[in-house]
Amino acid sequence: MTTTQQSRLPNPAVLIPELAQIGGVLFQAVGNGSIPQTTIGLVQLRAGQIVGNTYLTALHTGNLRRAGEAEDRITAVASWPDAPHFTPAERVALALVEAVLTPSSHGERVPDELYAEASAHYDDKALATLTTAIGQVCFFIPLALIGKPLPGVAPAAQWRD
């Protein structure tokens, strides 16, 4: 097995300069203060775990650590349903990202019951923000899976020329 020292794709932000604008607008929309940044980080970490991408899991784990998040909570994201470390609001946020990113064997991915539970914890703006946070990470998943950036390496240092 060979190891690579750069991603498979050239820097997508150079190929498509609008990506920086899109990323910036998404970051601004998700950072509107209607839900805790920790919740966003936990949800985005779980998304990286679900799609099995080391770059995304390392990125979001690092972001949570830099924000001062407890190591036991970060570790427990992988097994959140039986972990005692999360608030009810965080649990429903994690349930939503699971529902969006995994097929359901019983119909709708986001059933009315899950939406009702989410609505009990989040007002309309917060729920729209949470939905956008899931969309934000989903926007970057194809770049992470196809481009295969290196975990823990600054973007400028790893993209193929």
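The values are calculated or read from the model by the stated rules, or taken from the named source; none is laboratory data. Model, not experiment: these values are computed from the prediction. All Cβ positions, glycine included, derive from the backbone under ideal geometry; neighbour counts span all protein chains shown.
Odds and ends about this structure:
- Applying the criterion of at least 2 residues that are within 13 Å of the chain's Cα centre (by Cα) to the helices (runs of 4 or more DSSP H) found wholly in the stretch 38-147 leaves 54-66, 88-101, 124-147.
- Pairing each residue of the stretch 7-20 that is farther than 22 Å from Asn53 by Cα with any residue that is surrounded by 12 or more Cβ atoms within 10 Å (Cβ to Cβ) and modelled with pLDDT of 85 or more, provided the two are 6+ apart or on different chains, yields no C-beta distance under 6 Å.
- The stretch 116-140: number of residues that are buried (at least 16 other Cβ atoms within 10 Å of the Cβ) and either modelled with pLDDT under 95 or among the aromatic types (Phe, Trp, Tyr) (or both): 2
- Scanning the stretch 1-55 for residues that are surrounded by 14 or more Cβ atoms within 10 Å (Cβ to Cβ) and of a type in the set (Asp, Glu) yields no hits at all.
- The stretch 60-114 - residue that is aliphatic (A, V, I, L, M) and free of Cβ contacts under 8 Å to residues at least 24 places away in the same chain and, of those, nearest to Gln37 (Cα to Cα): Ala70
- If you go through the stretch 1-37 and keep only what is part of a loop (DSSP other than H, G, I, E, B), modelled with pLDDT of 90 or more and of a type in the set (Val, Ile, Thr), you end up with Ile16, Ile35.
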